[in-house]
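Here's the structure we're looking at; comments come further down.
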Amino acid sequence: MSKRVVLSVGLAMLAGFGHAQQTVSLQQLIEKAAQYYPANKQKEMAIQLGKENERILEAGLYPQVNLTGQATYQTEVTSFSVPGFSGIPTQHKDNYNMGVDLRFPLTEFGIVKSKKELEQSKTSLSVNQVNTEFQRVRERLTNVFGNILLQQENRKILAIRKAELEAQKKKIAIGVANGAVLKSNQLVFESEILTTEQKMADIDATIAGLEQELSLLTGVQIGSGDRFELPQEDGLKKEVKRPELEVYKSQLNMLGLQQELLSKENKPRIFIFGQGYYGRPGYNFLNVDFRTYGIAGAGISWNINNAVLQKNKEKAIEINQQMVKNQEATFQLNLQTALTQKQTEIQKYPGVIGRDQEIVQKRKEILKAAASQLENGVITSTEYLTELNATNAAELNMILHKVQLAISMAQYNIMTGN
């Protein structure tokens, strides 16, 4: 044995062991996709971002501390003299002040609480939006998985067909060699075998492309030898758990919180404050020495502009709420329409499959009789192929409908969000 042959055999063995055959189920792929799908990682980041923003909002409950300082020089200062009095201090042209300004809000607790609830609602919306994106991935996975099952079953039928054709070709070849059968009958089988092999090659290429798509969506290495398991559904799940509904719920919750926050922010705000300084001059301008001085008190502020615009802002929020509700109603209508169509499709399959089984049984009996007639020279190979094609078509239709039933049930449950 040459080195080239040994090398070729070795490479073939390595290729065979490079990917262990595995059984692939739709549920496993969906679970893998949930871990692998890049957008799903955004949910953790959205949650972390929300917590950080909440911590920032909590700072609004703490006293606001400002350090201030200034140094000034005046070209002139106030001076006066009183007859009979001496020792009146003279103001300095250079003055210095450095101190602390404290301000503690008394009415921010409710506002901060509403802002934190609004931030939590934003986080929930972000998470649900990612779930909505992954819902489309789940639907795509189901469709691709179902297509692979159909293609594989079609290939099995073609493999059986090819074996049947080769068996009949061998029988015909014996007759041709003995001069009892025309050579054209053998050529018909040889041509049909080539056509069948071509169809099988096309199916292999289609399956390879679909398997590559599954690998890209799930991060799972899928090979040509893997076995795809037909989905086993316990039944149709009626409860709708679509992430889009949670998106609409989060949007309405956010708008409600914005309305509540708007009402709180437009109320007067009360605060206490304190200011302490070191420098000169202080509040007593007659004292020109460096010293500490300060002031404390309470204050109130009210943004009149916000109060005037409150009705307009509330109206805008109400319009947004109506828009979200209309979007939800439209989605619900479209979803129920699609689910009804899918359910009708599912209900037709048991009857169709029952008739398929009867047709296949009768076709096999006809094909058996045709094979006997072909051996005895009663019919030609072309006539036999007509019966073989009809039998293959009947078997393919039965398998096709069985796979379609399983996939349709899986699609229905995926459509409901389960």
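Could you give every pair whose Cβ atoms fall below 9 Å, whose first residue belongs to region 220-247 and is under 14 Å from VAL24 (Cβ atoms), and whose second residue is aromatic (Phe, Trp, Tyr) and at pLDDT 85 or above, counting only separations of at least 6 or pairs across chains?
What qualifies is VAL220/TYR36; PHE228/PHE145; PRO231/PHE145.
Per-residue answers, yes or no, for (1) farther than 30 Å from VAL378 by Cβ; (2) modelled with pLDDT of 85 or more:
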site: PHE189; (1), (2): no, no
site: GLU192; (1), (2): no, yes
site: THR195; (1), (2): no, yes
site: LYS199; (1), (2): no, yes
site: ASP204; (1), (2): yes, yes
site: LEU210; (1), (2): yes, yes
site: LYS238; (1), (2): yes, no
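Against the condition closer than 30 Å to MET98 by Cα and hydrophobic (A, V, I, L, M, F, W, C), how does ILE304 come out, does it pass? Write out each step before concluding.
Details: closer than 30 Å to MET98 by Cα: no; hydrophobic (A, V, I, L, M, F, W, C): yes.
No: the conditions fail for ILE304.
If you scan region 154-181, which residues turn out to be under 18 Å from ALA370 (Cα atoms) and either outside any helix (DSSP H, G or I) or touching a Lys or Arg at 6+ places or on another chain (Cβ under 6 Å) (or both)?
The answer is VAL181, and nothing else.
What is the one condition in (1) surrounded by fewer than 18 Cβ atoms within 10 Å (Cβ to Cβ); (2) within 17 Å of VAL378 (Cα to Cα) that ASN147 does not satisfy?
(2)
Look at ALA371 and say whether it is of a type in the set (A, V, I, L, M, F, W, C), assigned to a helix (DSSP H, G or I), surrounded by 13 or more Cβ atoms within 10 Å (Cβ to Cβ) and out of contact with any Asp or Glu (no Cβ under 7 Å at 6 or more places or on another chain).
Details: of a type in the set (A, V, I, L, M, F, W, C): yes; assigned to a helix (DSSP H, G or I): yes; surrounded by 13 or more Cβ atoms within 10 Å (Cβ to Cβ): yes; out of contact with any Asp or Glu (no Cβ under 7 Å at 6 or more places or on another chain): yes.
For ALA371, the condition - of a type in the set (A, V, I, L, M, F, W, C), assigned to a helix (DSSP H, G or I), surrounded by 13 or more Cβ atoms within 10 Å (Cβ to Cβ) and out of contact with any Asp or Glu (no Cβ under 7 Å at 6 or more places or on another chain) - is met.
State which residue is nearest to LEU61 (Cα to Cα) when the search covers only region 265-306 and only residues that are of a type in the set (S, T, N, Q) and assigned to a loop (DSSP other than H, G, I, E, B).
Residues of region 265-306 of a type in the set (S, T, N, Q): 266, 275, 284, 287, 292, 301, 303, 305-306.
Right, trim to assigned to a loop (DSSP other than H, G, I, E, B) and you get 266, 284, 287, 303.
Details: ASN266: 18, ASN284: 34, ASN287: 37, ASN303: 20 Å.
Among them, the one singled out is ASN266.
Being among the charged types (D, E, K, R) and either over 16 Å from MET398 (Cα atoms) or buried (at least 16 other Cβ atoms within 10 Å of the Cβ) (or both) is the filter here; which residues of region 323-368 pass it?
Taking region 323-368 and keeping what is among the charged types (D, E, K, R), we get 325, 328, 342, 345, 348, 355-356, 358, 362-365, 368.
If the condition is that a residue be among the charged types (D, E, K, R) and either over 16 Å from MET398 (Cα atoms) or buried (at least 16 other Cβ atoms within 10 Å of the Cβ) (or both), then LYS325, GLU328, LYS342, ASP356, ARG363, GLU365, LYS368 are the ones that fit.
Looking only at region 349-387, which residues are among the hydroxyl-bearing types (Ser, Thr, Tyr) and in contact (Cβ under 8 Å) with a residue 24 or more places away in the chain? Don't jump to the end; show me each part of the working.
Restricting attention to region 349-387, the residues satisfying the condition of being among the hydroxyl-bearing types (Ser, Thr, Tyr) are 349, 372, 380-382, 384, 386.
Matches in region 349-387: TYR349, THR380, SER381, THR382, TYR384.
Okay, residues lined up against (1) at positive phi; (2) touching a Phe, Trp or Tyr at 6+ places or on another chain (Cβ under 7 Å); (3) touching a residue at least 40 places away in the same chain (Cβ under 8 Å); (4) not basic (Lys, Arg):
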| position | (1), (2), (3), (4) |
| --- | --- |
| ALA177 | no, no, no, yes |
| LEU182 | no, no, no, yes |
| PHE189 | no, no, yes, yes |
| THR195 | no, no, no, yes |
| GLU213 | no, no, yes, yes |
| THR218 | no, yes, yes, yes |
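Starting from region 279-298, keep only residues that are in contact (Cβ under 8 Å) with a residue 24 or more places away in the chain, then list their pairs with residues that are basic (Lys, Arg) and crowded, with 16+ Cβ neighbours inside 10 Å whose Cβ atoms are within a distance under 8 Å, requiring at least 6 positions of separation or different chains.
ASN287/ARG280; VAL288/ARG280; PHE290/ARG280
Taking the condition of being small (Gly, Ala, Ser), within 16 Å of GLN129 (Cβ to Cβ) and modelled with pLDDT under 85, how many residues in region 38-60 meet it? First the steps, then the outcome.
Within region 38-60, the subset small (Gly, Ala, Ser) is 39, 46, 50, 59-60.
Add one more test, that the residue is within 16 Å of GLN129 (Cβ to Cβ), and what stays is 39, 46, 50.
If we keep only those that are modelled with pLDDT under 85 too, we end up with 39.
Number satisfying all stated conditions: 1.
Assess whether GLU345 counts as being under 40 Å from the mean Cα position of the chain (by Cα), within 30 Å of SER250 (Cα to Cα) and at pLDDT below 95. Steps first, answer last, please.
Values: under 40 Å from the mean Cα position of the chain (by Cα): yes; within 30 Å of SER250 (Cα to Cα): no; at pLDDT below 95: yes.
Answer is no for this residue.
Given the conditions (1) under 30 Å from GLY219 (Cβ atoms); (2) over 43 Å from the mean Cα position of the chain (by Cα), which single one is not true for LYS169?
Failed condition: (1).
Provide a single number: the residues in region 132-144 that are surrounded by 19 or more Cβ atoms within 10 Å (Cβ to Cβ) and either closer than 30 Å to GLY299 by Cα or among the polar types (S, T, N, Q) (or both).
Residues meeting the conditions: 1.
Among the residues in region 138-148, are any among the aliphatic types (A, V, I, L, M), under 19 Å from ALA201 (Cβ atoms) and either at pLDDT below 90 or touching a helix residue (DSSP H, G or I) at 6+ places or on another chain (Cβ under 6 Å) (or both)?
Residues of region 138-148 that are among the aliphatic types (A, V, I, L, M), as a first pass: 141, 144, 148.
Now drop any that are not under 19 Å from ALA201 (Cβ atoms), which leaves 148.
Filter once more, so that each one left must be either at pLDDT below 90 or touching a helix residue (DSSP H, G or I) at 6+ places or on another chain (Cβ under 6 Å) (or both): 148.
The answer is yes; a qualifying residue exists.
The values are calculated or read from the model by the stated rules, or taken from the named source; none is laboratory data. Computed from a prediction, not measured in an experiment: that's the story for all the values here. No Cβ is skipped: glycine too gets one built from the backbone with ideal geometry, and neighbour counts run over all protein chains shown.
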